[in-house]
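What follows is a single structure, written as structure tokens, with notes after it.
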Amino acid sequence: MSRARGRPRTFDRDAALEAAMHLFWERGFEATSLGELTEAMGIRPGSLYAAFGDKKALFREAVEVYGRSPLGSFPARALAEEPTARGAVSRILREAAVVYADPSHPAGCLAISAATNVTVQDEEIAEFLRDVRNAGLAAIEGRLRRAQEEGELPAGVDVSALASYFAAVVQGLSQRARDGADAAELSQVAELALAAWPGGV
């Protein structure tokens with residue numbers, strides 16, 4: 001049966017979104033053009049706008065997809081699954097070292113690297129990614145605060161500073177991966193960072 005005249009061309013929305021996510025991850029928001037997006041996604045500009053809205057809306061959705069994927073959700077899984085805060089932070093740093101340097105996908109973390117060189121008119125994208133990163137920091141801090149309440153961390157430890165330190169290390173691992181560092185180098189950095197855990201790891 002022939003396709004009805006005027007009926008929109010169907011496409012795999014999830015696959016198109018996955019393609020957009022990888023392109024944004026590789027190049028960042030600003031450096032990714034609509035033409036490159038439609039080519040990678042296998043759709044026409046009109047279909048992109050109809051299915052996703054504008055480039056900013058597509059980017060936001062791509063970041064959400066990344067955050068739910070195994071490559072983007074490993075910090076949240078570690079915080080939820082590990083019985084101790086020390087175990088959770090150790091797992092986050094060690095997994096980041098491997099995931100960020102994996103050559104099978106763009107290096108680093110999409111939420112950390114995609115806002116590079118965002119222009120003033122796209123400041124809302126920078127703010128969006130800042131909120132995403134700050135939510136990750138808040139999750140780590142919340143887990144450390146609970147650990148302090150339960151006696152895993154000494155009462156005198158500055159939980160906010162410790163959480164900021166580990167979040168900064170994660171961001172640094174992402175940038176080093178973008179600069180070509182391999183998993184072995186990043187793993188060494190992760191182990192050095194873990195030595196800062198009060199009482200040792």
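The values are calculated or read from the model by the stated rules, or taken from the named source; none is laboratory data. Note that the structure is a prediction, hence the values are computed from the model and not measured. Quick reminder, even Gly has a Cβ in these numbers, built from the backbone with ideal geometry, and neighbours come from all protein chains shown. Heads up: the accessible areas ignore ligands, DNA and RNA and are worked out on the full protein's heavy atoms, side chains in. Shrake-Rupley method; radii C 1.70, N 1.55, O 1.52, S 1.80 Å.
Given only helices, namely DSSP H runs of n ≥ 4 each adding -39500 (n - 2.57), what is the per-residue ellipticity at 222 nm of the chain, to the nearest 500 deg cm²/dmol?
My calculation for the chain gives -22000 deg cm²/dmol from helical runs alone.
Quote the FRET efficiency, to the nearest 0.05, computed for ARG77 versus THR116 with a Förster distance R0 of 41 Å and r equal to the Cβ-Cβ distance. Could you put the intermediate results ahead of the total?
Numbers: r = 27 Å, r/R0 = 0.65.
With a Förster radius of 41 Å, E is 0.95.
So how much accessible area does TYR66 have, in Å² to the nearest 10, using a 1.4 Å probe?
Approximately 10 Å² for this residue.
Any idea of the accessible area per residue across segment 80-198, 1.4 Å probe, to the nearest Å²? Present the calculation step by step, with values, prior to reporting the outcome.
Numbers: 5800 Å² over 119 residues.
That works out to 49 Å² for each residue.
Can you give me the C-alpha center-to-center distance between segment 81-110 and segment 125-153, rounded to a whole angstrom?
Here the two parts' Cα centres lie 16 Å apart.
Scan (i) 52, 35, 35; (ii) 46, 38, 30; (iii) 70, 38, 33 for the value of Cα extents along the principal axes in Å calculated from this model and give just the label.
This structure yields the entry labelled (iii).
With Cβ to Cβ distances under 12 Å as the rule, what net charge do the other residues near ARG176 carry (K, R +1; D, E -1)?
Taking every other residue near ARG176 into account, the sum is -2.
In what sequence, largest accessible area first, do SER47, SER104 appear using a 1.4 Å probe? Can you show the working numbers first?
Values: SER47 35, SER104 95 Å².
In descending accessible area the options line up as SER104, SER47.
With the full set of protein chains in place, find how many percent of the accessible area of the chain is carbon and sulfur; take the probe as 1.4 Å.
Reported share for carbon and sulfur atoms: 52 percent.
Mark the label point 7 Å from the Cα of ALA184 along Cα→Cβ and return the residues of segment 74-101 whose backbone N is within less than 20 Å of it.
Residues 94-101 qualify, since their backbone N sits under 20 Å from the label point.
Starting from the 7 Å offset along Cα-to-Cβ, what nm value, one decimal, do you get for the label separation of ALA196 and SER160?
With each label placed 7 Å out from Cα toward Cβ, I get 1.7 nm.
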